[in-house]
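Asker: I'd like to ask you about the structure that follows.
The values are calculated or read from the model by the stated rules, or taken from the named source; none is laboratory data. Quantities reported herein were computed from a predicted structural model and do not represent experimental measurements. Cβ atoms come from the backbone with ideal geometry, glycine included; neighbour counts cover every protein chain shown. Note: accessible area is taken over every heavy atom of the protein model, side chains too, but ligands, DNA and RNA are not part of it. Shrake-Rupley method; radii C 1.70, N 1.55, O 1.52, S 1.80 Å.
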Amino acid sequence: MRWIFLTAIAWAAAQAQTPLQTPWRGAGPTPCVGSDGGMFQCAAAAHVVAVRAGRLLDTKTGQTLKSEVILISGDRITETGPEGKVKIPAGAQIIDLRSSTVLPGLIDGHTHMFNNRGPKGSTENSMLIAVQNAQADLRAGFTTARDMSSHGNGYGDIEIRNAINEGRFDGPRYQVSTLGIVWGSTPANPAAPDNPLASTVVRSVEDARAAVREQIAHGADWIKLFPAGGYSFTADGKDQYVVTYPLPVLQALIDETHRLGKKAGCHVYGGEGQKNAIVAGCDTIEHGFGLNQEQVNMMAAKKLYYDPTLVRYTIPSMDDTDAKNTGNKYRIIPIFEKNAAMAAATKGIKVMMGSGVDGSTFAHGTQGLEFEALVKLAGLTTLRAIQAGTVINAEALGWQDKVGVIEKGKYADLIAVTGDPLADITELQRVKFVMKGGKVIKNDLQ
(Lines give C-alpha, C1' and ligand atoms only; values in the text may rest on other atoms or scores of the structure.)
Protein backbone atom coordinates (compact mmCIF):
# COMPACT_ATOMS: atom_id res chain seq x y z
CA MET A 1 0.00 0.00 0.00
CA ARG A 2 2.85 2.40 0.81
CA TRP A 3 4.45 1.72 -2.59
CA ILE A 4 1.14 2.33 -4.34
CA PHE A 5 0.67 5.65 -2.53
CA LEU A 6 4.18 6.92 -3.31
CA THR A 7 3.83 5.82 -6.92
CA ALA A 8 0.58 7.77 -7.15
CA ILE A 9 2.34 10.88 -5.83
CA ALA A 10 5.14 10.48 -8.34
CA TRP A 11 2.62 10.03 -11.15
CA ALA A 12 0.68 13.15 -10.11
CA ALA A 13 3.86 15.21 -9.91
CA ALA A 14 4.94 13.95 -13.33
CA GLN A 15 1.54 14.83 -14.76
CA ALA A 16 1.81 18.32 -13.31
CA GLN A 17 5.12 18.85 -15.11
CA THR A 18 4.08 17.24 -18.44
CA PRO A 19 3.22 19.74 -21.19
CA LEU A 20 -0.09 19.35 -22.96
CA GLN A 21 0.23 16.65 -25.61
CA THR A 22 -2.25 18.09 -28.10
CA PRO A 23 -1.51 21.39 -29.90
CA TRP A 24 -2.08 24.28 -27.50
CA ARG A 25 -4.55 26.83 -28.86
CA GLY A 26 -4.66 29.07 -25.80
CA ALA A 27 -2.55 32.02 -24.68
CA GLY A 28 1.19 31.84 -24.10
CA PRO A 29 3.53 28.84 -24.12
CA THR A 30 2.24 25.28 -23.82
CA PRO A 31 1.17 24.76 -20.18
CA CYS A 32 1.19 21.73 -17.90
CA VAL A 33 -1.90 19.71 -16.97
CA GLY A 34 -3.16 19.17 -13.43
CA SER A 35 -4.98 16.10 -12.16
CA ASP A 36 -8.29 17.90 -12.69
CA GLY A 37 -7.48 18.60 -16.33
CA GLY A 38 -6.86 22.30 -15.66
CA MET A 39 -3.87 24.09 -17.15
CA PHE A 40 -1.13 25.95 -15.30
CA GLN A 41 2.33 27.28 -16.05
CA CYS A 42 4.97 24.55 -16.09
CA ALA A 43 7.78 24.76 -13.57
CA ALA A 44 11.17 25.84 -14.83
CA ALA A 45 13.32 23.06 -16.25
CA ALA A 46 15.56 21.29 -13.75
CA HIS A 47 19.03 22.76 -13.43
CA VAL A 48 22.11 22.24 -11.27
CA VAL A 49 22.45 24.22 -8.04
CA ALA A 50 25.50 24.36 -5.80
CA VAL A 51 25.01 25.41 -2.17
CA ARG A 52 28.12 26.56 -0.34
CA ALA A 53 27.63 25.96 3.37
CA GLY A 54 29.90 27.61 5.93
CA ARG A 55 28.79 25.01 8.48
CA LEU A 56 26.68 21.91 7.80
CA LEU A 57 25.11 19.89 10.59
CA ASP A 58 25.17 16.15 9.96
CA THR A 59 22.01 15.14 11.83
CA LYS A 60 23.03 11.48 11.89
CA THR A 61 26.38 11.90 13.61
CA GLY A 62 25.94 15.29 15.27
CA GLN A 63 29.11 16.59 13.63
CA THR A 64 29.28 20.11 12.28
CA LEU A 65 31.18 20.05 9.00
CA LYS A 66 32.85 23.20 7.69
CA SER A 67 33.09 24.60 4.17
CA GLU A 68 30.83 22.00 2.55
CA VAL A 69 29.29 21.98 -0.93
CA ILE A 70 25.88 20.50 -1.72
CA LEU A 71 25.14 19.77 -5.38
CA ILE A 72 21.49 19.60 -6.41
CA SER A 73 19.86 18.55 -9.67
CA GLY A 74 16.12 19.07 -9.88
CA ASP A 75 14.63 18.21 -6.50
CA ARG A 76 17.39 15.85 -5.29
CA ILE A 77 20.83 16.10 -3.76
CA THR A 78 23.41 14.56 -6.09
CA GLU A 79 26.61 15.07 -4.11
CA THR A 80 27.95 16.55 -0.88
CA GLY A 81 31.45 17.05 0.42
CA PRO A 82 34.17 19.53 1.34
CA GLU A 83 35.02 22.43 -0.95
CA GLY A 84 37.95 21.40 -3.12
CA LYS A 85 36.70 17.82 -3.34
CA VAL A 86 33.30 18.54 -4.89
CA LYS A 87 33.59 20.06 -8.32
CA ILE A 88 30.92 22.64 -9.10
CA PRO A 89 29.79 22.16 -12.72
CA ALA A 90 30.12 25.04 -15.11
CA GLY A 91 26.92 27.05 -15.35
CA ALA A 92 25.54 25.85 -12.00
CA GLN A 93 23.57 28.33 -9.94
CA ILE A 94 25.53 29.05 -6.76
CA ILE A 95 23.82 29.82 -3.46
CA ASP A 96 26.23 31.28 -0.94
CA LEU A 97 25.46 30.22 2.64
CA ARG A 98 29.06 30.43 3.85
CA SER A 99 28.11 32.69 6.75
CA SER A 100 25.41 30.28 7.97
CA THR A 101 24.72 26.86 9.45
CA VAL A 102 22.87 24.59 7.03
CA LEU A 103 20.58 21.80 8.22
CA PRO A 104 18.11 19.47 6.53
CA GLY A 105 14.56 20.77 6.30
CA LEU A 106 12.73 20.35 9.61
CA ILE A 107 9.91 17.85 10.13
CA ASP A 108 6.93 18.61 12.39
CA GLY A 109 5.40 15.36 13.60
CA HIS A 110 2.07 16.84 14.73
CA THR A 111 0.31 19.68 12.96
CA HIS A 112 -3.27 20.69 12.21
CA MET A 113 -3.31 22.57 8.93
CA PHE A 114 -7.00 23.31 9.41
CA ASN A 115 -8.25 25.53 12.20
CA ASN A 116 -11.21 24.21 14.15
CA ARG A 117 -14.26 24.49 11.94
CA GLY A 118 -17.19 26.12 13.68
CA PRO A 119 -20.84 25.37 12.86
CA LYS A 120 -20.98 28.32 10.44
CA GLY A 121 -17.58 27.77 8.87
CA SER A 122 -17.48 27.32 5.10
CA THR A 123 -15.40 24.88 3.11
CA GLU A 124 -13.98 27.71 1.04
CA ASN A 125 -12.79 29.68 4.06
CA SER A 126 -11.39 26.59 5.75
CA MET A 127 -9.34 25.66 2.69
CA LEU A 128 -7.91 29.18 2.38
CA ILE A 129 -6.86 29.13 6.02
CA ALA A 130 -5.26 25.69 5.60
CA VAL A 131 -3.23 26.94 2.65
CA GLN A 132 -2.08 29.95 4.66
CA ASN A 133 -1.12 27.72 7.61
CA ALA A 134 0.80 25.30 5.39
CA GLN A 135 2.74 28.13 3.80
CA ALA A 136 3.57 29.63 7.21
CA ASP A 137 4.96 26.29 8.37
CA LEU A 138 7.08 25.92 5.24
CA ARG A 139 8.53 29.40 5.58
CA ALA A 140 9.42 28.59 9.19
CA GLY A 141 11.63 25.77 7.89
CA PHE A 142 9.27 22.80 8.13
CA THR A 143 9.58 21.18 4.74
CA THR A 144 7.82 18.00 5.91
CA ALA A 145 4.93 17.46 8.32
CA ARG A 146 2.50 14.89 9.62
CA ASP A 147 -0.98 16.40 9.92
CA MET A 148 -2.98 14.84 12.74
CA SER A 149 -6.69 15.28 11.89
CA SER A 150 -8.58 17.84 9.87
CA HIS A 151 -10.55 19.47 12.72
CA GLY A 152 -14.01 18.99 11.27
CA ASN A 153 -12.99 19.50 7.66
CA GLY A 154 -13.48 15.96 6.40
CA TYR A 155 -10.94 14.84 3.82
CA GLY A 156 -9.77 18.36 3.05
CA ASP A 157 -6.22 17.57 4.18
CA ILE A 158 -5.92 15.06 1.34
CA GLU A 159 -6.78 17.79 -1.16
CA ILE A 160 -4.15 20.10 0.35
CA ARG A 161 -1.53 17.34 0.35
CA ASN A 162 -2.26 16.42 -3.26
CA ALA A 163 -2.27 20.04 -4.45
CA ILE A 164 1.17 20.58 -2.93
CA ASN A 165 2.46 17.34 -4.46
CA GLU A 166 1.20 18.46 -7.87
CA GLY A 167 2.98 21.80 -7.54
CA ARG A 168 -0.19 23.88 -7.26
CA PHE A 169 1.30 25.84 -4.36
CA ASP A 170 4.26 25.55 -2.00
CA GLY A 171 3.84 23.73 1.28
CA PRO A 172 5.39 20.95 3.36
CA ARG A 173 5.53 17.34 2.20
CA TYR A 174 2.55 16.02 4.11
CA GLN A 175 1.39 12.74 5.50
CA VAL A 176 -2.22 13.21 6.65
CA SER A 177 -4.64 11.47 8.98
CA THR A 178 -7.97 12.89 7.72
CA LEU A 179 -10.91 12.79 10.15
CA GLY A 180 -9.71 10.66 13.04
CA ILE A 181 -11.83 7.97 14.69
CA VAL A 182 -13.65 8.35 18.03
CA TRP A 183 -15.72 6.08 20.25
CA GLY A 184 -19.51 6.42 20.35
CA SER A 185 -20.60 5.57 23.89
CA THR A 186 -24.29 5.86 22.98
CA PRO A 187 -26.24 4.24 20.11
CA ALA A 188 -26.53 6.07 16.82
CA ASN A 189 -29.48 8.47 16.67
CA PRO A 190 -31.08 8.74 13.20
CA ALA A 191 -32.67 12.02 14.26
CA ALA A 192 -29.24 13.51 14.91
CA PRO A 193 -26.80 11.74 12.55
CA ASP A 194 -23.04 11.95 13.04
CA ASN A 195 -21.38 14.88 11.27
CA PRO A 196 -19.64 13.42 8.18
CA LEU A 197 -16.98 16.17 8.28
CA ALA A 198 -16.02 15.49 11.89
CA SER A 199 -14.32 12.44 13.40
CA THR A 200 -15.76 9.09 12.35
CA VAL A 201 -17.75 7.57 15.22
CA VAL A 202 -17.45 3.82 15.83
CA ARG A 203 -19.52 1.69 18.19
CA SER A 204 -18.23 -1.86 17.59
CA VAL A 205 -15.27 -3.88 16.33
CA GLU A 206 -16.96 -4.11 12.93
CA ASP A 207 -17.45 -0.33 12.82
CA ALA A 208 -13.80 0.12 13.76
CA ARG A 209 -12.41 -1.98 10.93
CA ALA A 210 -14.79 -0.43 8.41
CA ALA A 211 -13.83 3.12 9.46
CA VAL A 212 -10.13 2.38 8.99
CA ARG A 213 -10.77 0.90 5.55
CA GLU A 214 -12.86 3.88 4.51
CA GLN A 215 -10.33 6.50 5.59
CA ILE A 216 -7.44 4.71 3.93
CA ALA A 217 -9.48 4.24 0.75
CA HIS A 218 -9.95 8.03 0.71
CA GLY A 219 -6.16 8.51 0.91
CA ALA A 220 -5.26 8.68 4.62
CA ASP A 221 -1.57 8.04 5.37
CA TRP A 222 -2.17 7.70 9.12
CA ILE A 223 -5.14 6.77 11.27
CA LYS A 224 -5.67 9.13 14.21
CA LEU A 225 -7.14 7.46 17.31
CA PHE A 226 -8.33 8.74 20.69
CA PRO A 227 -8.00 5.90 23.25
CA ALA A 228 -8.10 8.19 26.30
CA GLY A 229 -10.33 11.18 26.83
CA GLY A 230 -10.04 14.18 29.12
CA TYR A 231 -8.33 14.43 32.50
CA SER A 232 -9.57 15.56 35.90
CA PHE A 233 -8.41 15.42 39.52
CA THR A 234 -9.69 13.43 42.46
CA ALA A 235 -10.47 15.22 45.72
CA ASP A 236 -6.92 14.59 46.93
CA GLY A 237 -5.28 15.80 43.68
CA LYS A 238 -4.66 12.54 41.83
CA ASP A 239 -4.84 12.93 38.06
CA GLN A 240 -7.36 10.62 36.38
CA TYR A 241 -8.33 10.01 32.77
CA VAL A 242 -11.36 8.86 30.78
CA VAL A 243 -11.11 5.57 28.88
CA THR A 244 -12.81 5.60 25.48
CA TYR A 245 -12.65 2.54 23.21
CA PRO A 246 -12.89 -0.91 24.78
CA LEU A 247 -9.55 -2.67 24.26
CA PRO A 248 -10.92 -5.11 21.60
CA VAL A 249 -12.15 -2.15 19.55
CA LEU A 250 -8.82 -0.32 19.88
CA GLN A 251 -6.95 -3.50 18.94
CA ALA A 252 -9.15 -3.91 15.88
CA LEU A 253 -8.50 -0.30 14.83
CA ILE A 254 -4.74 -0.71 15.05
CA ASP A 255 -4.63 -4.20 13.55
CA GLU A 256 -6.69 -3.11 10.54
CA THR A 257 -4.47 -0.07 10.08
CA HIS A 258 -1.35 -2.23 10.09
CA ARG A 259 -2.94 -4.86 7.85
CA LEU A 260 -3.43 -2.15 5.23
CA GLY A 261 0.19 -1.00 5.50
CA LYS A 262 -0.44 2.22 7.41
CA LYS A 263 0.36 3.53 10.89
CA ALA A 264 -1.74 4.79 13.78
CA GLY A 265 -1.14 7.77 16.04
CA CYS A 266 -2.88 7.77 19.43
CA HIS A 267 -4.00 10.91 21.25
CA VAL A 268 -3.79 9.95 24.92
CA TYR A 269 -3.44 11.90 28.13
CA GLY A 270 -3.03 9.00 30.57
CA GLY A 271 -4.59 6.16 32.52
CA GLU A 272 -5.95 2.86 31.28
CA GLY A 273 -6.70 4.21 27.81
CA GLN A 274 -3.07 5.20 27.42
CA LYS A 275 -1.88 1.77 28.59
CA ASN A 276 -4.30 0.16 26.14
CA ALA A 277 -2.79 2.20 23.29
CA ILE A 278 0.68 0.93 24.18
CA VAL A 279 -0.47 -2.69 24.63
CA ALA A 280 -2.30 -2.58 21.29
CA GLY A 281 0.83 -1.27 19.55
CA CYS A 282 -0.16 2.22 18.49
CA ASP A 283 2.82 3.50 16.46
CA THR A 284 3.05 6.93 18.11
CA ILE A 285 1.92 7.94 21.57
CA GLU A 286 0.85 11.58 21.51
CA HIS A 287 0.95 13.86 24.60
CA GLY A 288 1.03 11.40 27.54
CA PHE A 289 0.52 13.62 30.59
CA GLY A 290 0.23 10.62 32.92
CA LEU A 291 2.94 8.35 31.56
CA ASN A 292 4.64 6.12 34.11
CA GLN A 293 7.91 4.21 33.95
CA GLU A 294 6.21 0.87 33.27
CA GLN A 295 4.37 2.28 30.28
CA VAL A 296 7.46 4.01 28.91
CA ASN A 297 9.51 0.83 29.25
CA MET A 298 6.82 -1.01 27.31
CA MET A 299 6.92 1.69 24.61
CA ALA A 300 10.69 1.31 24.28
CA ALA A 301 10.41 -2.47 24.08
CA LYS A 302 7.76 -2.23 21.36
CA LYS A 303 9.74 0.47 19.51
CA LEU A 304 6.84 2.94 19.69
CA TYR A 305 7.51 6.65 19.26
CA TYR A 306 6.77 9.31 21.87
CA ASP A 307 5.47 12.68 20.67
CA PRO A 308 5.02 14.91 23.75
CA THR A 309 3.84 18.19 22.11
CA LEU A 310 5.15 20.10 25.12
CA VAL A 311 4.48 23.71 24.18
CA ARG A 312 0.83 23.13 23.35
CA TYR A 313 0.12 21.63 26.78
CA THR A 314 2.20 23.90 28.99
CA ILE A 315 0.62 27.20 27.91
CA PRO A 316 -1.10 29.54 30.41
CA SER A 317 -4.59 28.53 29.28
CA MET A 318 -3.95 25.04 30.69
CA ASP A 319 -3.48 26.60 34.13
CA ASP A 320 -6.58 28.75 33.59
CA THR A 321 -8.67 25.63 32.97
CA ASP A 322 -7.24 23.80 35.97
CA ALA A 323 -7.75 26.80 38.23
CA LYS A 324 -11.38 27.03 37.20
CA ASN A 325 -12.04 23.29 37.56
CA THR A 326 -10.18 22.73 40.85
CA GLY A 327 -10.57 26.04 42.65
CA ASN A 328 -6.86 26.77 42.17
CA LYS A 329 -5.87 23.53 43.95
CA TYR A 330 -4.29 21.38 41.25
CA ARG A 331 -2.35 21.70 37.99
CA ILE A 332 -1.61 19.21 35.22
CA ILE A 333 1.45 21.04 33.85
CA PRO A 334 3.92 19.96 36.60
CA ILE A 335 2.70 16.36 36.25
CA PHE A 336 3.17 16.45 32.49
CA GLU A 337 6.62 18.06 32.66
CA LYS A 338 7.87 15.53 35.20
CA ASN A 339 6.59 12.55 33.24
CA ALA A 340 7.83 13.89 29.90
CA ALA A 341 11.33 14.29 31.32
CA MET A 342 11.15 10.78 32.79
CA ALA A 343 10.05 9.34 29.46
CA ALA A 344 12.70 11.21 27.48
CA ALA A 345 15.42 9.93 29.84
CA THR A 346 14.39 6.29 29.41
CA LYS A 347 16.87 4.23 27.43
CA GLY A 348 15.60 3.24 24.00
CA ILE A 349 12.73 5.71 23.77
CA LYS A 350 12.46 7.65 20.51
CA VAL A 351 11.23 11.19 21.11
CA MET A 352 9.59 12.97 18.20
CA MET A 353 9.28 16.70 17.64
CA GLY A 354 5.58 17.45 17.23
CA SER A 355 4.15 20.89 17.89
CA GLY A 356 0.38 20.50 17.70
CA VAL A 357 0.05 23.87 15.97
CA ASP A 358 -3.66 24.40 15.46
CA GLY A 359 -4.37 28.06 14.75
CA SER A 360 -6.00 28.64 18.15
CA THR A 361 -3.56 27.83 20.96
CA PHE A 362 -0.36 27.63 18.89
CA ALA A 363 0.15 29.75 15.79
CA HIS A 364 1.49 28.21 12.61
CA GLY A 365 5.02 29.27 11.76
CA THR A 366 6.09 29.51 15.42
CA GLN A 367 6.63 25.83 16.15
CA GLY A 368 10.39 26.28 16.41
CA LEU A 369 9.46 26.88 20.05
CA GLU A 370 8.99 23.12 20.44
CA PHE A 371 12.72 22.48 20.03
CA GLU A 372 13.46 24.78 22.95
CA ALA A 373 10.83 23.02 25.07
CA LEU A 374 12.33 19.62 24.31
CA VAL A 375 15.62 20.89 25.73
CA LYS A 376 14.36 22.93 28.69
CA LEU A 377 11.39 20.81 29.79
CA ALA A 378 12.15 17.27 28.59
CA GLY A 379 15.91 17.48 29.16
CA LEU A 380 17.04 16.54 25.67
CA THR A 381 20.44 17.70 24.47
CA THR A 382 20.27 20.25 21.66
CA LEU A 383 21.47 17.60 19.22
CA ARG A 384 18.81 15.13 20.31
CA ALA A 385 16.13 17.81 20.01
CA ILE A 386 17.26 18.58 16.45
CA GLN A 387 17.32 14.88 15.65
CA ALA A 388 13.76 14.60 16.99
CA GLY A 389 12.68 17.02 14.27
CA THR A 390 14.80 15.45 11.53
CA VAL A 391 16.06 11.85 11.58
CA ILE A 392 13.63 10.51 14.23
CA ASN A 393 10.56 12.03 12.59
CA ALA A 394 11.73 10.86 9.18
CA GLU A 395 11.98 7.34 10.58
CA ALA A 396 8.55 7.55 12.23
CA LEU A 397 7.04 8.61 8.90
CA GLY A 398 8.89 5.88 7.02
CA TRP A 399 10.63 8.51 4.91
CA GLN A 400 14.18 8.06 6.19
CA ASP A 401 15.29 7.43 2.60
CA LYS A 402 13.89 10.80 1.50
CA VAL A 403 14.29 13.44 4.23
CA GLY A 404 15.91 14.19 7.58
CA VAL A 405 19.57 14.20 6.50
CA ILE A 406 21.59 16.11 3.90
CA GLU A 407 23.02 13.37 1.72
CA LYS A 408 23.06 12.08 -1.84
CA GLY A 409 19.72 10.85 -3.14
CA LYS A 410 17.52 12.64 -0.63
CA TYR A 411 15.25 15.56 -1.40
CA ALA A 412 17.03 18.89 -1.58
CA ASP A 413 15.23 20.20 1.50
CA LEU A 414 17.54 22.62 3.30
CA ILE A 415 17.32 25.37 5.88
CA ALA A 416 19.92 27.80 7.20
CA VAL A 417 20.31 29.83 10.38
CA THR A 418 22.95 32.44 11.15
CA GLY A 419 24.14 30.97 14.45
CA ASP A 420 24.89 27.52 15.83
CA PRO A 421 21.75 25.60 16.90
CA LEU A 422 23.86 23.13 18.88
CA ALA A 423 24.96 26.03 21.09
CA ASP A 424 21.62 27.85 21.03
CA ILE A 425 18.54 25.81 20.14
CA THR A 426 16.47 28.99 19.75
CA GLU A 427 18.23 29.53 16.41
CA LEU A 428 15.56 27.22 14.98
CA GLN A 429 13.00 29.91 15.79
CA ARG A 430 14.84 32.25 13.39
CA VAL A 431 15.24 30.26 10.18
CA LYS A 432 16.60 32.58 7.50
CA PHE A 433 16.75 30.33 4.45
CA VAL A 434 14.38 27.61 3.26
CA MET A 435 14.71 25.35 0.22
CA LYS A 436 12.28 22.58 -0.61
CA GLY A 437 13.00 20.18 -3.43
CA GLY A 438 15.70 22.43 -4.85
CA LYS A 439 13.40 25.47 -4.93
CA VAL A 440 14.27 28.47 -2.76
CA ILE A 441 11.19 29.32 -0.70
CA LYS A 442 12.76 32.00 1.48
CA ASN A 443 16.13 33.75 1.65
CA ASP A 444 16.52 36.44 4.29
CA LEU A 445 20.31 36.14 4.20
CA GLN A 446 20.79 38.26 1.10
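Asker: If you take the beta carbon distance between HIS218 and GLU294 as r and set R0 to 35 Å, what does 1/(1 + (r/R0)^6) give as a FRET efficiency, to the nearest 0.05?
Answerer: Efficiency, from the Cβ-Cβ distance: 0.40.
Asker: For segment 355-446, rounded, prolate or oblate, judged on the Cα gyration tensor with a ≥ b ≥ c (square roots of eigenvalues), a/c < 1.5 rounded, else prolate if a/b > b/c?
Answerer: Note, shape of segment 355-446 comes out rounded.
Asker: Same structure again: In what sequence, largest accessible area first, do HIS110, HIS151, HIS258 appear using a 1.4 Å probe?
Answerer: HIS258, HIS151, HIS110
Asker: Need one value: the accessible area of MET318 in square angstrom, 1.4 angstrom probe, rounded to the nearest 10.
Answerer: 20
Asker: On a full-extension model of 0.36 nm per residue, what is the gain between THR381 and GLU206, subtracting their alpha-carbon distance, rounded to one decimal in nm?
Answerer: 58.5 nm
Asker: At 0.36 nm per residue, minus the direct Cα-Cα distance, what do VAL86 and VAL242 gain on full extension? Give it in nm, one decimal, please.
Answerer: Numbers: separation 156, 0.36 × 156 = 56.16 nm, distance 5.80 nm.
Here the segment from VAL86 to VAL242 would lengthen by 50.4 nm.
Asker: Do any trypsin sites (Lys or Arg not before Pro) in segment 346-401 lie in a loop, going by DSSP, with at most 10 other beta-carbon atoms within 10 Å of their beta carbon, and if so which?
Answerer: Answer in residue order: LYS347.
Asker: Considering Cα pairs under 8 angstrom that are at least six residues apart, work out the relative contact order of the chain and quote it in whole percent.
Answerer: 17
Asker: To the nearest 20 debye, what is the magnitude of the charge dipole of segment 226-295 about its Cα centre, counting +1 on the Cβ of each Lys and Arg and -1 on the Cβ of each Asp and Glu?
Answerer: So the magnitude is around 180 debye.
Asker: Would you kindly find the accessible area of TRP183, with a 1.4 Å probe and non-protein molecules such as ligands, DNA and RNA excluded, rounding to the nearest 10 Å²?
Answerer: 70
Asker: Please give the per residue accessible area of segment 230-376, computed with a probe of 1.4 Å over protein heavy atoms only, in Å².
Answerer: On the way: 5770 Å² over 147 residues.
I get 39 Å² per residue for this part.
Asker: Got a number for the accessible area of HIS112? Probe 1.4 Å, square angstrom, nearest 10.
Answerer: Spelled out: HIS112, probe radius 1.4 Å, area about 10 Å².
Asker: How do ARG55, ARG430, ARG259 rank by accessible surface area computed with a 1.4 Å probe, from largest to smallest? The partial results should precede the final answer.
Answerer: Working: ARG55 65, ARG430 95, ARG259 150 Å².
Highest to lowest solvent-accessible surface, that is ARG259, ARG430, ARG55.
Asker: If GLU407, GLU79, GLU206 are ordered by their accessible area, calculated over protein heavy atoms with a 1.4 Å probe, which sequence runs from highest to lowest?
Answerer: From most exposed to least exposed: GLU206, GLU79, GLU407.
Asker: For THR321 paired with GLN63, estimate the spin-label separation in nm (one decimal), with each label point 7 Å from Cα along the Cα-to-Cβ line.
Answerer: Those two pseudo-labels are separated by 4.6 nm.
Asker: Still on this structure, please answer the following. Quick one: of the DSSP bridges fully inside the chain, what percent are antiparallel, nearest 5?
Answerer: In the chain, DSSP labels about 50 percent of beta bridges as antiparallel.
Asker: For segment 273-319, which trypsin sites (Lys or Arg not before Pro) are in a loop by DSSP, counting at most 16 other Cβ atoms within 10 Å?
Answerer: Details: sites: LYS275, LYS302, LYS303, ARG312; in loops: LYS303.
Answer by residue number: LYS303.
Asker: Would you mind checking the pairs LYS302/LYS338; LYS329/LYS350; LYS120/LYS324; LYS87/LYS436 and listing those with alpha carbons more than 31 angstrom apart?
Answerer: LYS329/LYS350
Asker: Run the reach check for LYS224 against aspartates and glutamates, Cα to Cα strictly under 12 Å, same-chain hits fewer than 8 apart removed. What comes back?
Answerer: Counting by Cα, and skipping residues close in sequence, LYS224 has these aspartates and glutamates nearby: ASP147, ASP283, GLU286.
Asker: Let's see if you can work this out: charge +1 on each Lys and Arg Cβ, -1 on each Asp and Glu Cβ, no other charges. What is the dipole magnitude of the chain about its Cα centre, in debye to the nearest 20?
Answerer: Its charge dipole is roughly 740 debye.
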